[in-house]
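K.L.:
Below is one structure. I have some questions about it.
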Amino acid sequence: MKSKNGFTLIEVLVSMLILVIAVAGIFSVFTFTKRSTNIPGRQFQAMNLSRQQAEELRVAVQNYYYINNIGPLATGSYGPEPVNLGTLPGTRSYVVTNVDLDGDGIAESRKVTITVNWNEITP
């Protein structure tokens, strides 16, 4: 009887195929994890950009006396202005609308909606 010393070509190819599939699976988990950890970071940066805009508007209202819808909080849409979220470009805009608090048809307050947009880069 002959003893077998080594592997056949088919055995080597099959084991290499299994190894490549396993490594590809592990690599895809790493890239998915990296991408999904970037998204909350960008959301945090967008929230900070919104807070910054809200603070700028608050200071403008405190420092500016306005009459008859003329001033830093005049109703309308403002922007978009370019902003950076880490390495991604984005835009920031805000909309000011009148709010009738007591239903008498007269706006006693204003609502400011701040929006930050960006496009995620998917590999």
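Bear in mind these aren't lab numbers, they're just calculated from the coordinates by the rules spelled out. Just so you know, these numbers come straight off a predicted model, no measurement behind them. Because the Cβ atoms are built from the backbone with ideal geometry, glycine has one as well, and the counts that use them run over all protein chains shown.
K.L.:
Run the numbers on segment 9-118 and let me know its relative contact order in percent, using alpha-carbon pairs under 8 Å that are six or more apart. Numbers along the way, then the final one.
P.N.:
Numbers: 111 pairs, mean separation 20.8, N = 110.
Answer for segment 9-118 is 19 percent.
K.L.:
Kindly state, to the nearest 0.05, the FRET efficiency for Leu101 paired with Ile21, given R0 = 41 Å and r defined as their beta-carbon distance. Intermediate results must be reported in sequence, preceding the final value.
P.N.:
Numbers: r = 63 Å, r/R0 = 1.53.
Rounded to the nearest 0.05, the efficiency is 0.05.
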